[in-house]
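Heads up, the thing below is written out as structure tokens.
The values are calculated or read from the model by the stated rules, or taken from the named source; none is laboratory data. None of the values given here were measured: they were computed from a predicted structure. Cβ sites come from the backbone with ideal geometry, for glycine too, and all protein chains shown count toward neighbours.
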Amino acid sequence: MRPRSVAVVGASGRADSMGEWALVNLVKGGYSGTIYPVNPGYDTLRDLRCYRSLDDLPEVPDLAIFAVGDARIEAALDEAVAAGVPAAVIMSTLTLDDDTAPFLRERVQTKLRAAGMLACGANGMGFYNVRDRVWACGFDSADHPPPGNVAIISHSGSGMSGIIDCEERLEINFAVSTGNELAVSMDEYLDFVLDLPETRVVGLFIETARNPDGFRAALAKAADKGIPIVALKTGRTTRAAELAVSHSGALAGDDAAYDALFDRYGVQRARDQDEWTTMLVLFAQLHPVGQGGLVTLHDSGGERQLMVDLADEAGVPLTAITPATTAALEKALPPELPAVNPLDAWSRGGPGAGDNMANCFALLLSDPGAAIGAVVHDRAPYGKVYSSYIRYLRKARERTNKPVALVAARQGTGHDPQVAAATHSGLPVLDGVWSFLGGVRALFAYRDFLARNSTAPPTADPALTDNWRDRLAGMTAIDEAGSLALLEHFGVRTSRPIAADSDAAARDAAKQLGYPVVLKSALPGLAHKTDRGGVITGIADEAALLDGYERLRKSLGPDVLVAPMIHGGVELMLGARTDPQFGPVVLIGFGGILAETLKDVTFALPPFAPADARRCVDRLRLRPLLDGARGQPAANIDAFCELASRFSVLCHALGGAIAEIDVNPVIVTPNEAVAVDALVVPALTS
């Protein structure tokens, strides 16, 4: 990242070629080291002596930028390895039409590893170490004055350049297109930028973590340093769900691990590049924010109403202003305008109207429940911004010392000098209400992440863990009774069913438990009993029990489980799946027969404490049902969260030994939480 000398292999004078841009960018970025153009076809390039080969250089360069195509890259790399060059930038795709195995990419990676050479790429667009004035990129570039405060690490080349070269509101300090990561992976770049003193926020455009342990460690480092990370994660698929046995495995697809990982370390996830960029601007300029919600000023009643709708949909709290703030606004507003948040403060215009708008915005922002304020106005003609809008921001910030932003209802331009200057001074000018609300939601979420009261989860008995690992290693399947026993051994409360293989045994079990009871088939390999009519509930007496047993015996065999009938309550579920990159991922959601239909679930990395389980529960869409609906008593959420925490300890302790776990349903009543059915799928061992 900080070479004292750089060789540009394939340097060129041909206009708009990679070889030309690699030279131009080093000069344009202000590189102060020695530049060695390498191309036998030139004597000089840009007033620099051009060398025929790396062997002709007066020293071994610290970095070689390969501005050559796929047909020439292997020979150029061999020359660099022979010369002892320690690092390289490879931008070519490493694809040959007539190639044979081992293919070019594999051959190049083998050479890099054998030589111990660091490499950026291949199939990327290089890097910009703006702070140290090293632009190692072979493509057209905008100006990036040092130092900045934003770092971008992207698997996508366009995902990097399409942002940093088209958005002047972002002050870039470091950017890299990691490409195929043949020698250096995203986590290593992340570790590097987290140690740069200017880094206020890091943006990740990520396809997959090629070094999961290193990636997790780097995210933990960012969390410890209080440096927010905004991730644009691609690749939401159902590939894993198609192969799943349990409900949990079907619901926890390939992307669930990233949701859980990002939640654990406070990573904010963007849906598209507009939202990603907006989040980066807000974190770079306005982080941190205090407690409270959003207040907004408008000059349109329709846009004010739209803000109410969009904020509700985006999950961004709008501040309910105090009576004192309301009274102050009423004195400043014409009588036809309501003193509410969001506030439309424009009615009659005329002299002093702008000053009154600024005053109303400052009054709104002064409310004790206001954490951040936005002036939401349309752009001026040609996508410009009226200077008076910036004055609204500046006056309100001076009076309150709270973060503010100017937001256009529709897309404007980030290349207006006034827009860039205002943003860089901490008064960000943004475009698109929806993207802005996504950014505010991320600011609030990261604020709340930093305020989490971390408590240690329960621990597992090592002897118990070893015992179950040994038992699971010899199993290809585990029945419901065994699955529930496993849960019980790790402190997860279950219904404790009794096995029976005859009508007499079933009758004795029911007498022991007391009516009413539930009768369930224990047919080996029957994963989803309800789908096969293998569950009979509400059995109130012996006659109903014997009738039910006979029906199950005829359809599914004599082996059954008899369990107590739990009255009332809400059906939740717990589950887990082993992700190939990050290990066990726990699922928490609403369960029962609608688990896969509702798909109202959240994910977390185990182990976790009851408080962490509570945060997951609070994010569920149907969460209000747990508080009681239509006169029903509230469910004991604390009991469920304690049970979920102990379940997470089990998943962590037996990670690698279990492929999937499904605990569905967990019945949560006003008094207790009880797991009444479970399916454990042991991991396949060779």
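Just give me the residues in region 316-343 being part of a loop (DSSP other than H, G, I, E, B) and either more than 40 Å from the chain's Cα centre (by Cα) or surrounded by fewer than 19 Cβ atoms within 10 Å (Cβ to Cβ) (or both), in sequence order.
Passing the criteria: Pro317, Ala320, Thr322, Leu333, Pro334, Pro335, Glu336, Leu337, Pro338, Val340.
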Give just the number: which of (1) closer than 19 Å to Trp21 by Cα; (2) touching an Asp or Glu at 6+ places or on another chain (Cβ under 6 Å) does Val130 not satisfy? (2)
Does region 639-648 contain at least one residue that is closer than 16 Å to Met475 by Cβ, touching a Pro at 6+ places or on another chain (Cβ under 8 Å) and not hydroxyl-bearing (Ser, Thr, Tyr)? no
Can you list the helices (runs of 4 or more DSSP H) found entirely within region 542-628 that contain at least 2 residues being charged (D, E, K, R), over 19 Å from Leu654 (Cβ atoms) and outside the structural domain of Gly656 (by TED's automatic domain parsing)? 542-556
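How many residues are of a type in the set (A, V, I, L, M, F, W, C), assigned to a helix (DSSP H, G or I) and surrounded by 12 or more Cβ atoms within 10 Å (Cβ to Cβ) when one looks only at region 105-124?
At the first step, the residues of region 105-124 found to be of a type in the set (A, V, I, L, M, F, W, C) are 108, 112, 114-115, 117-120, 122.
Then drop every residue that is not assigned to a helix (DSSP H, G or I), which leaves 108, 112, 114-115.
Now narrow it down to the ones that are surrounded by 12 or more Cβ atoms within 10 Å (Cβ to Cβ): 108, 112, 115.
Of the residues in region 105-124, 3 are of a type in the set (A, V, I, L, M, F, W, C), assigned to a helix (DSSP H, G or I) and surrounded by 12 or more Cβ atoms within 10 Å (Cβ to Cβ).
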Select from region 585-615 the residues that are acidic (Asp, Glu) and surrounded by fewer than 23 Cβ atoms within 10 Å (Cβ to Cβ) and write down the one among them that is modelled with the highest pLDDT. Asp600
Using the structure shown, decide if Arg410 is modelled with pLDDT of 95 or more and either more than 30 Å from the chain's Cα centre (by Cα) or farther than 17 Å from Leu280 by Cα (or both). no
Of these, Ala683, Ala635, which one is buried (at least 20 other Cβ atoms within 10 Å of the Cβ), at negative phi and not basic (Lys, Arg)? Ala635
Exactly one of Lys384, Lys395 is more than 30 Å from Arg269 (Cβ to Cβ) and crowded, with 16+ Cβ neighbours inside 10 Å, and that residue is Lys395
Which condition does Pro197 not pass, out of (1) in a loop (DSSP other than H, G, I, E, B); (2) at pLDDT below 95; (3) more than 20 Å from Leu94 (Cβ to Cβ), if it passes all the others? (2)
Filtered residues of region 125-149 (kept if touching a helix residue (DSSP H, G or I) at 6+ places or on another chain (Cβ under 6 Å) and closer than 16 Å to Val9 by Cβ): Cys137, Gly138
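Would you confirm, using the coordinates I've provided, whether Phe192 is buried (at least 24 other Cβ atoms within 10 Å of the Cβ), in contact (Cβ under 8 Å) with a residue 60 or more places away in the chain and over 16 Å from Ser92 (Cα atoms)? Full working, then the answer.
Details: buried (at least 24 other Cβ atoms within 10 Å of the Cβ): no; in contact (Cβ under 8 Å) with a residue 60 or more places away in the chain: yes; over 16 Å from Ser92 (Cα atoms): yes.
Against the criterion (buried (at least 24 other Cβ atoms within 10 Å of the Cβ), in contact (Cβ under 8 Å) with a residue 60 or more places away in the chain and over 16 Å from Ser92 (Cα atoms)), Phe192 does not qualify.
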Name the single residue that is farthest from the chain's Cα centre (by Cα) among those in region 200-232 being touching a residue at least 60 places away in the same chain (Cβ under 8 Å) and part of a loop (DSSP other than H, G, I, E, B). Arg200
Those residues of region 416-426 which are at negative phi, in contact (Cβ under 8 Å) with a residue 40 or more places away in the chain and in contact with a helix residue (DSSP H, G or I) (Cβ under 7 Å, 6 or more places away or on another chain), in sequence order: Thr423
Scan region 385-400 residue by residue and report those that are modelled with pLDDT of 95 or more and of a type in the set (A, V, I, L, M, F, W, C). Ile390, Leu393, Ala396
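Residue-wise test of (1) in contact with an Asp or Glu (Cβ under 9 Å, 6 or more places away or on another chain); (2) of a type in the set (Phe, Trp, Tyr); (3) within 17 Å of Gly203 (Cα to Cα); (4) touching a residue at least 12 places away in the same chain (Cβ under 8 Å).
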residue: Pro102; (1), (2), (3), (4): no, no, no, no
residue: Lys111; (1), (2), (3), (4): yes, no, no, yes
residue: Trp135; (1), (2), (3), (4): no, yes, no, yes
residue: Asp140; (1), (2), (3), (4): yes, no, no, yes
residue: Asn149; (1), (2), (3), (4): yes, no, yes, yes
residue: Asp165; (1), (2), (3), (4): yes, no, yes, yes
Only one residue in Leu620, Leu605 is in contact with a Ser or Thr (Cβ under 9 Å, 6 or more places away or on another chain) and within 30 Å of Arg210 (Cα to Cα). Which one? Leu605
For Ala80, indicate whether it is more than 38 Å from the chain's Cα centre (by Cα) and touching a residue at least 60 places away in the same chain (Cβ under 8 Å). yes
Inside region 182-211, can you point out the residues that are of a type in the set (Val, Ile, Thr) and either out of contact with any Phe, Trp or Tyr (no Cβ under 8 Å at 6 or more places or on another chain) or within 20 Å of Ala257 (Cβ to Cβ) (or both)? Val184, Val202, Ile206, Thr208
Any strands (runs of 3 or more DSSP E) falling wholly within region 5-104 and containing at least 3 residues that are of a type in the set (Val, Ile, Thr) and surrounded by fewer than 15 Cβ atoms within 10 Å (Cβ to Cβ): none
